[in-house]
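Just below is one structure, and these are the notes that go with it.
Please treat every number below as a calculation from the coordinates, not as lab data. Bear in mind the structure is a predicted one, so any value in this text is a computation, not a measurement. Cβ sites come from the backbone with ideal geometry, for glycine too, and all protein chains shown count toward neighbours.
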Amino acid sequence: MTTTEHLLTADGVTVRFGGLTALDDVGLQVAPGSVVGLIGPNGAGKTTLFNVLSGVLRPTAGTITWKGAPPPGRRTHHLARAGIARTFQGLNLFPMMTVLDNVVAGADRLARGGAFSLVSGLGRHHRDERDLRARALGALERFGIAEHAHRLPGTLPYGVQKQVALARACVSDPELLLLDEPASGLSGAQIDALADQIRGFSQDMAVVLVEHHMDLVMRVCDHIVVLNFGRVISTGTPAQVQADPAVTQAYLGTPADSFGGESAAGDVNGAAR
Ligand SMILES: Nc1ncnc2c1ncn2[C@@H]1O[C@H](COP(=O)(O)OP(=O)(O)OP(=O)(O)O)[C@@H](O)[C@H]1O
Ligand SMILES: [Mg+2]
């Protein structure tokens, strides 16, 4: 597949924060409909790469290409309209807005104004606002959380709040969804359900998944990129990455069987701290 057939390409991306090199000559390609895992120990540069991919952070060097052209802009609504959505490490929901309004805010790809003009209705036609609310409610129904539409996020269990964050990202029907640690804080059963959701998504959209839960990563990803100290140390299929001694070395300090047996179901985040 050529570069232009990829939805998203990162090439030679370097990010320096003062004297710290958070990303060093990183490359990444995301094909339409694929699920790409981005893994690595704490501080490896995963979230920094997400910030570059989603246009929030301008790299010190290197380029990002979205559908063969430069990224559409740095604001969330530019990205959303171009077909890129993300969730954040943690929840990042608007705490004083209802679940429904949080998801309406994610629908601003379809709107003329930004999230707050949507929610408040400022400068908007009532019918447009009704359409967006119906669309957001549809997303809540798809995620099985419509019963919570009028609650504030902080009053709901953490697993439900994570689903709200997912619904907010998906309501704009993105072509690319960037998920930063969607499984953190979830139970085993919730992670199983999340794996099914991600595999379901990928029929319609590409996903880049940052995650410490190796079992989830290995189950859902078509391709994996491993970062350590800002550099790509391994890439390939889940089987190839699991078999790469450089990867186990990065996580555990020794080329041990970190991805085999019971440990594969766990969160290797702890091992990397
Ligand atoms: N805004 C910033 N200013 C200075 N240093 C930063 C900034 N953001 C990240 N860093 C540093 O860059 C490195 C990469 O951080 P990043 O958050 O991308 O790692 P990560 O792989 O997402 O880690 P984790 O798994 O803990 O979320 C770390 O050393 C971090 O301290
Ligand atoms: Mg991170």
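Modelled label-to-label distance, Ala61 and Phe229, 7 Å Cα→beta-carbon offset: nm?
Those two pseudo-labels are separated by 1.8 nm.
Mind putting a number on the dipole of segment 1-105 about its Cα centre? Charges go on the C-beta only, +1 for Lys and Arg and -1 for Asp and Glu, and I need it in Debye to the nearest 20.
Values: 8 positive and 5 negative charges, 54 e Å.
That gives a dipole near 260 debye.
When the chain is fully extended, how far beyond the present Cα-Cα distance does Asp173 get from Thr237, taking 0.36 nm per residue of separation? Each step should come with its number before you reach the end.
Values: separation 64, 0.36 × 64 = 23.04 nm, distance 2.67 nm.
Extra length available between Asp173 and Thr237 comes to 20.4 nm.
Which ³J(HN,Hα) values in Hz, rounded to whole numbers, follow from the phi angles of segment 176-184 under the Karplus curve 6.51 cos²θ - 1.76 cosθ + 1.60, where θ = phi - 60° and Gly and Pro get x?
9, 10, 9, 10, 9, 6, x, 8, 5
First measure r as the distance between the Cβ atoms of Leu20 and Ala246, then evaluate 1/(1 + (r/R0)^6) with R0 = 25 Å and state the FRET efficiency to the nearest 0.05.
Working: r = 22 Å, r/R0 = 0.88.
For Leu20 and Ala246, the calculated efficiency is 0.70.
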